[in-house]
Amino acid sequence: MAASEGQIKKENKQSTKVLEELMGKLSVSQPGDEAKGFSQEIATFINGDIEEHAAPTVAVEKLRSMLNNKKDANANQNACEAIAAIAKHSDVSPIVQPYLVELLPNVLAAVGHKMVPVKVAAQDAALSITKAVNANAVKALIPHYVNSIRNAQKWPEKMTDLECIEALAETSPAQTAIRVPDLIPIVSEAMWDTKAEVKKKAYSTMEKICQLISNKDIERFIPELIKCIAKPENVPETIHLLGATTFVTDVHEPTLAIMVPLLERGLKERETPIKRKSAVIIDNMCKLVEDPNIVASFLPKLMPQLNTNYENMADPEAREKTKQGLDTLIRVGNVQDGKIPEVSHDGDIETVKNKLKDVLSAKHKDAIEKFDPVLTYIGAIGGELVDEKDNETPTWALNVKPFIYAMLGEEGKADEITETLRKRCAPGDAAEVEQEPDEEEGVDLCNCTFNLAYGAKILLNQTHLRLKRGQRYGLLGPNGSGKTTLMRAINNEQVEGFPKQSEVKTAYIEHDLDSADTEMTVIDWTLMKLKSVNVDKPEEEVRKTLVEFGFAPEQLSGPITALSGGWKMKLALARAVFQEPDILLLDEPTNHLDVKNVKWLEDYLTNSPCTSIIISHDSRFLDDVIQHVIHYERFKLKRYRGKLSEFVKRVPSAKSYYELGAGDMEFKFPEPGFLEGVKTKAKAI
């Protein structure tokens, strides 16, 4: 064994020597095929299992030196091409990613080079770094783009920054969506740039990052909101447009990030009606903010002006509306004695990095000094997970552990440190997780991590789902969050990592009677539907099972249109039984059922050996049936053990599931006509 280890060390030293030789050759080569060949070899070596792999500082410092050599354009170009090759490698090593991010400021500065080949190579390298990093490391990248846009010496550098931000929106949409509040101010600055090309590009970038904002109430107004940033004179008209909006969707930071600049300007307008409407919008919108931390960073922009307007307005009705908006901000922002609470820093890179240092200090002090860029990078990833309120062990293991393992080289230690860091970053949640371990008794039917989207909208991002045989789960979330989409995706084998139908059979139960079936008998329709899912059962067996479900023989031969909603649900369940599923997927199963049939369904599900996932607005039914809640929380699925009533006690914001507000009832009124005698939008009616 000792000889083998000695041989490995010898090979590592030889490999490191080869890498140093390649770096030397690259630095003196003329740009072209030879230099590109050296770049590819360097990319292979630095991402490979060699001694330099422990901390590629020597290679990184050489590349930085080449980038900063203002007298040698060839060295600048070769360095950029080598960095791009490293970032484009098919398997970028976890230990290399943090050092690529460290080189990003130098690469962006090289975009301003007067030599076109250097500029092109630097642009390619910057985009390659952006696309190479972990999706949850956006916090590590964005500060570099912000600093570059603000301090760039040449306008092409700003163009590249904006291209990189657009690339982030494509490669890491869910994570970039959370960073929209950081991006909108800097992209807004670029929209006011003196260079026409930068202004045009910034407008395009703003459109792309605003597409990440998930709020149906303001979706159609986003183009107007962007126009207001470029043209402040549009503020009054846009305030009028938004003033008639009814806000019903939960409001998060990205929504506030695009709305607050408009509202801040609206509050400062000279005309009282615009100030009044701005206050009304703030009042209506902020009532839908669930967490004080969501609104915390925006309070200093809105509260002082609301106070000023309230004190100085002459119109009593406008003052009253302003007071209502102010009171709502004070309530949702948890403002006490006029003091605005501090913004939480739990997700800051430095906060997570310092916690990691504390964890490592006991037995791995040498790693703290040696791997500082890696610690910063882990701080960015951990900070993103904290901001997403994702304290799930599998997510941290997937995103954080590879970088800790790259530093320490031992699987067991990496597991231990990752888990300790996870608990320290979210101590409140950690206690809860300890009470609800994911390792429960029973057979796993599903244990996977996946993403889910509907068109361009991100519904779930890197979320974990674990289902046990025989358990009953209630799937809860706001309307439009994607509950039915998830069920259909599971049933259609569209969820990555979820077992195929050949391994775990699912049956999606819904009312699927259409007009073409109305002339069929119950038995004929059932046989047809079974054949459509490749279930071939004799008619006598089907009749026997349907009778066991309570169907009378004469019903089976009667027209299917004669069945009530309750009987149709029984029929759908009977069809599912013939499929012998492992998982029943029930979407609003109590719709159209009377009390007797709801009780029958409860008894059936509680005695069935199948696992069931249920979507329902019937809170009493859910409370009687389910054993776990799977809740949509910020692009994640979080499991809570217990009935719905117990879940609501632990998550008060979910109280609406017990109220009419959680229902899917909608009222649609005709478009109003013009009011006689009303000639202005500015005055209250």
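The values are calculated or read from the model by the stated rules, or taken from the named source; none is laboratory data. All values reported here derive from a predicted model rather than from experimental measurement. Glycine also receives a Cβ, built like all others from the backbone with ideal geometry; neighbour counts cover every protein chain displayed.
Observations on the model:
- Qualifying residue in the stretch 464-475 (condition: modelled with pLDDT of 85 or more, assigned to a helix (DSSP H, G or I) and surrounded by 12 or more Cβ atoms within 10 Å (Cβ to Cβ)): no
- Any chance Lys468 is assigned by TED's automatic domain parsing to the domain that holds Ala576, farther than 24 Å from Thr393 by Cα and among the charged types (D, E, K, R): no
- Qualifying positions in the stretch 273-293 - farther than 22 Å from Glu224 by Cβ and either crowded, with 21+ Cβ neighbours inside 10 Å or of a type in the set (S, T, N, Q) (or both): Val289, Asn293
- Asp603 vs. criteria surrounded by 15 or more Cβ atoms within 10 Å (Cβ to Cβ), part of a helix (DSSP H, G or I) and modelled with pLDDT of 85 or more: no
Table: residues versus (1) β-branched (Val, Ile, Thr); (2) crowded, with 19+ Cβ neighbours inside 10 Å; (3) over 33 Å from the mean Cα position of the chain (by Cα).
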position: Met66; (1), (2), (3): no, yes, yes
position: Glu81; (1), (2), (3): no, yes, no
position: Ala85; (1), (2), (3): no, yes, no
position: Ser90; (1), (2), (3): no, no, no
position: Arg150; (1), (2), (3): no, no, no
position: Gln153; (1), (2), (3): no, no, yes
position: Lys158; (1), (2), (3): no, yes, no
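- Test: Tyr508 is touching a residue at least 24 places away in the same chain (Cβ under 8 Å), of a type in the set (Phe, Trp, Tyr) and touching an Asp or Glu at 6+ places or on another chain (Cβ under 8 Å): yes
- Only one of Leu212, Leu288 that is under 25 Å from Ile330 (Cβ atoms) and among the hydrophobic types (A, V, I, L, M, F, W, C): Leu288
- Number of the exception - Glu541 against (1) more than 47 Å from the chain's Cα centre (by Cα); (2) at pLDDT below 80: (2)
- Taken across the stretch 623-630, residues that are touching a residue at least 40 places away in the same chain (Cβ under 8 Å), more than 17 Å from Asn479 (Cα to Cα), in contact with a Phe, Trp or Tyr (Cβ under 9 Å, 6 or more places away or on another chain) and buried (at least 20 other Cβ atoms within 10 Å of the Cβ) do occur, with at least one present.
- Taken as a whole, the condition of being in contact (Cβ under 8 Å) with a residue 24 or more places away in the chain, acidic (Asp, Glu) and within 24 Å of Lys301 (Cβ to Cβ) applies to Asp182.
- Qualifying residue in the stretch 24-44 (condition: surrounded by fewer than 19 Cβ atoms within 10 Å (Cβ to Cβ), without any contact (Cβ under 8 Å) to a residue 60 or more places away in the chain and in contact with a Pro (Cβ under 8 Å, 6 or more places away or on another chain)): no
- Unique residue being among the β-branched types (Val, Ile, Thr), at pLDDT 95 or above and within 25 Å of Ile95 (Cα to Cα) when the list is Ile149, Ile142: Ile142
- The stretch 518-540 residues that are free of Cβ contacts under 8 Å to residues at least 24 places away in the same chain, paired with ones that are outside any helix (DSSP H, G or I) (beta carbon under 9 Å, 6 or more apart): Leu527/Lys537; Met528/Met520
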